[in-house]
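This report refers to the structure that appears directly beneath it.
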Amino acid sequence: GDVQGAMDLHQEELAVYEQLGDKRARAVTLGDIARLRAQAGDVQGAMALHQERLAIFEQLGDTRSRAVTLGDIARLRAQAGDVQGAMALHQEMLAICRSLNDVGEIANAQYYLAQLELSQQEHRSALERLAESWALLNQIGRIDGIAAVGSTLGQLLAAFKHPDAVPVLRRAEEAWRMLDQIENADAIKGIIRQIDAGAE
């Protein structure tokens, strides 16, 4: 819980990497500090650090780390209310992940884009993105993703009266239980009961 203490230690670490000229380790540490800054409510400061980190990864030609950093900046943009800016960065991240055939990160990017589209009431487009994310996460057996994406996808399918809504939600509930997130699992179970009751 000592965010400031953690930031101070990371700053010391950063100075060491600067002395050693270790650019990659410096970029990773900048990301750690940025996440702590965001946690402390300093969104602009966090974004500035991620931008610095992005420049290092570009310099190093590390495409995958660049894509991950674009996602970090996009989430902060969304938090600051810049939905269009966040979407543009997630689209760029998605294109890179597709070129790398990085299944897990394609699923992540599609999930975040779907969340942004849902906030803009773009339900059909969000549904397509969630469906791809869901298929990919099941393909690689990523339980945390199956839980989160399945919860959103299942509820959206239910809103469209789609027959796959309950099977998707059941899978999401099972995933939450595997993660020992009982409160989330019970909430999904409650939604399934409501759907079943409405179908009677």
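The values are calculated or read from the model by the stated rules, or taken from the named source; none is laboratory data. Given the structure is predicted, the values throughout are model-derived calculations rather than measurements. Cβ sites come from the backbone with ideal geometry, for glycine too, and all protein chains shown count toward neighbours. Ligands, DNA and RNA are stripped out before the accessible areas are found, and what is left, the full protein with its side chains, is counted by its heavy atoms. Shrake-Rupley method; radii C 1.70, N 1.55, O 1.52, S 1.80 Å.
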inquiry  = Of all residues being open to solvent by less than 10 Å² (accessible area, probe 1.4 Å) and touching an Asp or Glu at 6+ places or on another chain (Cβ under 7 Å) in segment 55-74, which is nearest to residue 86 (Cα to Cα)? Just the residue, please.
reply    = 70
ask   = Can residue 186 be described as surrounded by fewer than 17 Cβ atoms within 10 Å (Cβ to Cβ), over 21 Å from residue 113 (Cβ atoms) and within 21 Å of the chain's Cα centre (by Cα)?
value = no
request  = List every residue pair whose Cβ atoms sit under 8 Å apart, with the two residues 6 or more apart in sequence or on different chains, where the first one lies in segment 94-105 and is part of a helix (DSSP H, G or I) and the second, anywhere, is exposed (fewer than 14 other Cβ atoms within 10 Å of the Cβ).
outcome  = 96/64; 100/64; 103/139; 103/140; 104/140; 105/64
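Based on this model, can you work out whether residue 96 counts as β-branched (Val, Ile, Thr) and either closer than 25 Å to residue 9 by Cβ or buried (at least 23 other Cβ atoms within 10 Å of the Cβ) (or both)?
no
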request  = Would you check which residues across segment 152-165 are out of contact with any helix residue (DSSP H, G or I) (no Cβ under 6 Å at 6 or more places or on another chain), among the hydrophobic types (A, V, I, L, M, F, W, C) and within 16 Å of residue 197 (Cα to Cα) and list them?
outcome  = 159
key: Meets criteria (out of contact with any helix residue (DSSP H, G or I) (no Cβ under 8 Å at 6 or more places or on another chain) and of a type outside the set (Ser, Thr, Tyr)) for residue 84   = yes
query = residue 196 versus (1) closer than 23 Å to residue 74 by Cα; (2) acidic (Asp, Glu); (3) surrounded by fewer than 17 Cβ atoms within 10 Å (Cβ to Cβ): which is the lone unmet condition?
reply = (1)
ask   = Which one of these is free of Cβ contacts under 8 Å to residues at least 12 places away in the same chain, among the acidic types (Asp, Glu) and either part of a helix (DSSP H, G or I) or buried (at least 16 other Cβ atoms within 10 Å of the Cβ) (or both): 52, 13, 18?
value = 18
